[in-house]
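Below: one structure, written as structure tokens.
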Amino acid sequence: DVAKIAAKYPDLKICLDSFGAPAGLVGVQAFENYDQVLSLAKFKNVSIKPVSLPFISGEAYPYRNLHPFIRRIYDAFGPERIFWGSDITLLKTPYSDCVKAFTLEMDWLSDQDLELIMGRALSKWINWPAPA
């Protein structure tokens with residue numbers, strides 16, 4: 001359904017929350033049909049938020065079982081359409097772990113990638129002026 005809507009309304013910005021994964025699934029099970037989610041990257045009006053790492057991972061920090069999926073998201077969507085988030089209202093782990101999971105644990109992300117993913121890309125996406 002997302003593909004149909006994205007194609008029909010190319011000016012509508014759509015953001016897939018929580019990796020675009022089905023609610024309630026944990027670990028690798030959450031990504032069993034992930035090619036469908038990644039196929040949405042062809043629509044320039046679709047973005048994705050890899051949030052809720054502690055919940056979706058099912059493992060402790062640094063949530064390494066999710067790193068391959070985050071890399072696939074990066075390869076498909078690019079850092080301009082990936083928006084970091086923590087799902088802070090539900091966290092039972094330190095907020096800092098959610099930040100560090102990206103900023104310290106994924107050494108393949110450049111400083112520019114991190115600037116985009118950690119906030120600048122979302123500001124651009126919603127046309128919200130960011131500080132210089």
* For Rg and Dmax of the Cα atoms in Å, calculated from these coordinates, the label among (1) 14.3, 45; (2) 14.3, 41; (3) 13.3, 40 -> (2)
* Protein accessible area in the chain, 1.4 Å probe - carbon and sulfur % -> 56
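Go ahead and run the numbers for FRET between Asp11 and Thr89, Cβ-Cβ distance against an R0 of 30 Å, rounding to 0.05. Can you show the working numbers first?
Details: r = 30 Å, r/R0 = 1.01.
Efficiency, rounded to the nearest 0.05: 0.50.
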* Structure fact -> Expressed as a whole-number percentage, the relative contact order of the chain with C-alpha contacts under 8 angstrom and at least six residues apart is 22
* Note, ³J(HN,Hα) from phi for segment 112-127, Karplus 6.51, -1.76, 1.60, rounded to Hz, x at Gly and Pro -> 5, 4, 5, 4, 5, 4, 7, x, 4, 5, 5, 4, 5, 4, 9, 6
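Calculated FRET efficiency, Arg72 and Ala130, Cβ-Cβ r, R0 25 Å, to nearest 0.05?
Rounded to the nearest 0.05, the efficiency is 0.40.
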* Solvent-accessible area per residue for the chain at a 1.4 Å probe radius, Å²? -> 58
* To do: Please list, or write none, the lysines whose alpha carbon is within less than 17 Å of the alpha carbon of Lys8, excluding same-chain residues fewer than 8 places away.
  => Lys42, Lys44
* Asked: Rounded to the nearest 500, what is the chain's calculated 222 nm mean residue ellipticity when only DSSP H runs of at least 4 contribute -39500 (n - 2.57) each, over all residues?
  -> -9000 deg cm²/dmol
* To do: Counting other Cβ atoms within 10 Å, keep those with at most 16, restrict to DSSP loop, and tell me which trypsin sites (Lys or Arg not before Pro) in segment 51-104 are left.
  => Lys92
* Structure fact -> A chain fully extended from Asn65 to Gln112 at 0.36 nm per residue, minus the present Cα-Cα distance, gains in nm 14.5 nm
* Take the alpha carbon atoms of segment 70-132, find their center, do the same for segment 9-62, and report the distance between the two centers in whole angstrom. => 13
* Between Ser57, Gly27, Ile14, whose Cα lies farthest towards the positive end of the dipole of segment 1-126 when Lys and Arg beta carbons carry +1 and Asp and Glu beta carbons carry -1, centred on the Cα centre? -> Ile14
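The values are calculated or read from the model by the stated rules, or taken from the named source; none is laboratory data. Bear in mind that the values here come from a model prediction, so they are computed numbers and not experimental data. As a convention, Cβ positions derive from the backbone with ideal geometry for all residues, glycine included, and neighbour counts pool all protein chains shown. These accessible areas exclude ligands, DNA and RNA; they are computed on the full protein's heavy atoms, side chains included. Shrake-Rupley method; radii C 1.70, N 1.55, O 1.52, S 1.80 Å.
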